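To start, the structure itself, in structure tokens.
Laboratory data are not the source of any read-out in this text; all were calculated from the coordinates shown. Remember, predicted model here, so these are calculated numbers, not experimental data. Cβ atoms come from the backbone with ideal geometry, glycine included; neighbour counts cover every protein chain shown.
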Amino acid sequence: KRVEFISFYESIIERFEMNKDDKVNFVRSLTKKKMYVWIDKDKITQVLDNVISNAIKYSPEGGSITFEASTTRKQLRVSITDEGIGMPPDTVDKIFDRFYRVDKSRAREMGGTGLGLAIAREIIDAHHGKIWAESREGEGTTVYFTLPLMSQKRRDKS
Ligand code: ATP
Ligand code: MG
């Protein structure tokens with residue numbers, strides 16, 4: 001379905017903001033422009049839910065989570081940055097593998113299955129986008145994904 005991404009993204013951020021405790025602060029850095037994408041809304045909601053809940057889960061008391069959305073000519077790029085525990089450089093690509101958790105004992109404590117990001121990658125692949133992460137141990141993590149923007153033509157038609 002054709003979706004205006006920024007308002008959709010904001011509604012998901014708002015849902016988390018209503019339910020979160022005061023442990024983390026939310027910072028928004030979103031373009032004011034309207035951005036149309038052709039997506040399965042439920043599936044992309046699942047991606048955002050997992051990435052945002054990971055960011056909250058691994059954030060320290062008082063940490064900020066920054067929500068960004070920007071565009072290049074053909075693509076929308078979304079990023080979610082936390083100031084949490086981060087991870088070693090050699091693991092940042094592995095977190096998209098099924099059942100992979102960075103630290104087994106830490107992961108057990110935190111709960112979850114280690115499937116969230118593997119599913120997110122499948123969903124983003126199916127949308128012809130890319131998903132990746134950048135992280136520094138002890139400093140924080142950013143998860144990025146891209147989605148193709150709809151062309152002006154398709155936008156007018158639908
Ligand atoms: P599930 O999402 O199934 O509940 P999960 O959150 O452990 O479980 P993923 O979302 O796939 O699984 O994440 C995989 C692993 O990547 C996590 O267990 C964690 O070790 C690491 N990870 C993911 N996001 C972050 C983050 N923002 N900061 C630090 N580590 C992270
Ligand atoms: Mg998760």
Inset, instruction - With only Lys, Arg, Asp and Glu charged, each at its Cβ (+1 for the first two, -1 for the last two), find how big the charge dipole of the chain is about the Cα centre; round to the nearest 20 debye. - result: 1000
Legend entry - Interchain or long-range residues, amide H under 5 Å from ASN25's placed H: GLY63, SER64, ILE65
Inset, instruction - Any chance you could give the angle, 0 to 90 degrees and rounded to 10, that helix 5-19 forms with the longest Cα principal axis of the chain? - result: 30
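So, in the range 35-140, how many Lys pairs have Cα atoms under 19 Å apart, if the pair is 8 or more places apart or on different chains?
Pairs that pass both the separation and distance tests number 7.
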Legend entry - Helical contribution to [θ] at 222 nm, DSSP H n ≥ 4, -39,500 (n - 2.57), averaged over the chain, rounded to 500: -11000 deg cm²/dmol
Legend entry - For VAL78, VAL37, VAL27, VAL3, order by how many other beta-carbon atoms lie within 10 Å, fewest first: VAL27, VAL3, VAL37, VAL78
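Are there any trypsin sites (Lys or Arg not before Pro) in the range 50-90 that are in a DSSP loop and have at most 11 other Cβ atoms within 10 Å? List them by number.
Working: sites: LYS57, ARG73, LYS74, ARG77; in loops: ARG73, LYS74.
Here the sparse-neighbourhood loop sites are ARG73, LYS74.
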Legend entry - From phi via Karplus (6.51, -1.76, 1.60), per-residue ³J(HN,Hα) for the range 115-121 in Hz, x at Gly/Pro: 9, x, 6, 5, 5, 4, 5
Legend entry - Karplus (6.51, -1.76, 1.60) ³J(HN,Hα), θ = phi - 60°, over the range 127-140, in Hz, Gly and Pro reported as x: 8, 6, x, 10, 9, 7, 9, 10, 7, 10, 4, x, 10, x
Legend entry - Other-chain or far-sequence residues with amide H under 5 Å of GLN75's (modelled H): LEU149
Legend entry - Debye, to nearest 20: dipole size of the range 41-83, +1 on Lys, Arg Cβ, -1 on Asp, Glu Cβ: 420
Inset, instruction - Could you tell me which of PHE8, THR113, MET18 has its Cα farthest along the dipole of the chain towards the positive end, charges placed at Cβ (Lys, Arg +1; Asp, Glu -1), taken about the Cα centre? - result: PHE8
Inset, instruction - Starting from the amide H of ILE85, placed 1.01 Å from N in the peptide plane, find each other amide H under 5 Å away whose residue is 5 or more places distant or on another chain. - result: none
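Please report the net charge: other residues with Cβ closer than 14 Å to the Cβ of HIS127, K and R +1, D and E -1. Provide the component values of the computation, followed by the final result.
On the way: positive: LYS1, ARG2, LYS41, LYS43, LYS74, ARG77, ARG121, LYS130; negative: ASP40, ASP42, GLU122, ASP125.
Combined, the nearby Lys, Arg, Asp and Glu give +4.
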Inset, instruction - Within the set of other residues whose C-beta is less than 15 Å from the C-beta of LYS23, count the net charge using Lys and Arg as +1 and Asp and Glu as -1. - result: -4
